[in-house]
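Q: Here you go, one structure.
A short reminder: the numbers here are calculations on the coordinates, not readings from a lab. Everything numeric in this text was worked out from a predicted model, so none of it was measured. No Cβ is skipped: glycine too gets one built from the backbone with ideal geometry, and neighbour counts run over all protein chains shown.
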Amino acid sequence: MSERTAAVTRETAETEIECTIDLDGDGDSVAETGIGFFDHMLGAFATHGLFDLTIRCDGDLEIDDHHTVEDVAITLGEAFEEALGEKEGIVRYADRRVPLDEAVASVVVDVSGRPRFYFDGAFSQDSVGEFTSDMARHFGESLAMNAGLTLHAGVDGENAHHEIEALFKCLARALDDATRVDGRRGGTPSTKGQL
């Protein structure tokens, strides 16, 4: 199988983003978005997914965090889709739950090529640092829509920092599981013959 890597850039009136990913990496990351907590979450995402990830974003943070988080998720989703190529031999499905102290997150994913997103839960505080808590939900949605994922996610807890961190780690673990190559499988894991 060829290297599963991608480099994607995105430039709008609101953000300028450079993103590289290696799906078969060691979990190394560089995240520079101007939002400290978001950088921390992207680092956790790379570490727990074993993705080598570089994301640099210059966004309109003088407005708020929305455009930066959304556009990073769009760019990362496009990079995932490009790195997966024809998706030959991947596991395709994954189901994970990840706890973090009093919080627990769940993610069920299908690398289906048919983007859908569902979220169950709420965050206990409105923000963590300069990061608006609901942007964690929106990150998942934007990632799913641009990576071609059917993604069901949920979170429960009492502390937004832990809830969001559990969600990012859970998403990473599920994506690592679903995008792994299954040596027993030849071709695309679909009765249709394509994803």
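Q: Order these by the 10 Å Cβ neighbour count, fewest first: 17, 35, 63. Could the numbers behind the result be given before it?
A: Values: 17 21, 35 24, 63 10.
Exposure proxy ranking, most exposed first: 63, 17, 35.
Q: Which value, in Å to one decimal place, does the Kirkwood hydrodynamic radius take for the chain when every pair of different Cα atoms is included?
A: Details: mean 1/r = 0.0605 Å⁻¹.
One decimal place: 16.5 Å for the Kirkwood radius.
Q: Further question on the same structure: Could you work out the longest stretch of the chain that avoids the GluC sites (Glu not before Pro) located in DSSP loops with at most 16 other Cβ atoms within 10 Å?
A: 15-61
Q: Sticking with this structure for a sec: Based on the Cβ-Cβ distance of residue 9 and residue 120, what FRET efficiency does E = 1/(1 + (r/R0)^6) give at R0 = 45 Å, to the nearest 0.05?
A: The pair residue 9/residue 120 has a calculated efficiency of 0.85.
Q: Evaluated at 37 °C with a viscosity of 0.692 mPa s, what Stokes-Einstein diffusion coefficient in µm²/s does region 1-115 have when Rh comes from the Kirkwood expression over alpha-carbon pairs?
A: Values: Rh = 15.2 Å.
The Stokes-Einstein estimate is 217 µm²/s.
Q: Between helix 160-179 and the chain, what is the angle of the helix's C-alpha long axis to the longest principal axis, kept within 0 to 90° and rounded to the nearest 10?
A: Approximately 10 degrees, to the nearest ten.
Q: Right, another one. Let me check against my output: what whole-number percent is the relative contact order of the chain, with C-alpha pairs under 8 Å and at least 6 apart?
A: 25
Q: Right, another one. Within 10 Å of each residue's Cβ, count the other Cβ atoms and sort 15, 47 from fewest upward. Provide the component values of the computation, followed by the final result.
A: Details: 15 21, 47 17.
Fewest-to-most Cβ neighbours within 10 Å comes out as 47, 15.
Q: Here's another thing I want to ask about it. Given springs between every Cα pair under 10 Å in a Gaussian network model of the chain, which of 121, 140, 43 has the largest fluctuation?
A: Looking only at 121, 140, 43, the biggest GNM fluctuation is shown by 121.
Q: Looking only at the chain, where both bridge partners belong to it, what percent of the DSSP beta bridges are antiparallel (to the nearest 5)?
A: Of all bridge pairs located within the chain, approximately 75 percent are antiparallel.
Q: For residue 26 and residue 145, FRET efficiency with R0 = 25 Å and r from the beta-carbon atoms, rounded to 0.05?
A: 0.35
Q: Scanning the chain for trypsin sites (Lys or Arg not before Pro) in DSSP loops with at most 12 other Cβ atoms within 10 Å, what's the longest stretch left with none?
A: Longest stretch, sites excluded: 1-183.
Q: Could you size up the charge dipole of region 60-126 around its Cα centre, putting +1 on the beta carbon of Lys and Arg and -1 on that of Asp and Glu, and report it in debye to the nearest 20?
A: 620
Q: Summing +1 for each Lys or Arg and -1 for each Asp or Glu, what net charge is found among the other residues whose Cβ lies under 10 Å from the Cβ of residue 104? Walk me through the numbers before you get to the answer.
A: Numbers: positive: 97; negative: 101, 102, 156, 163.
Neighbour charge sum, excluding residue 104 itself: -3.
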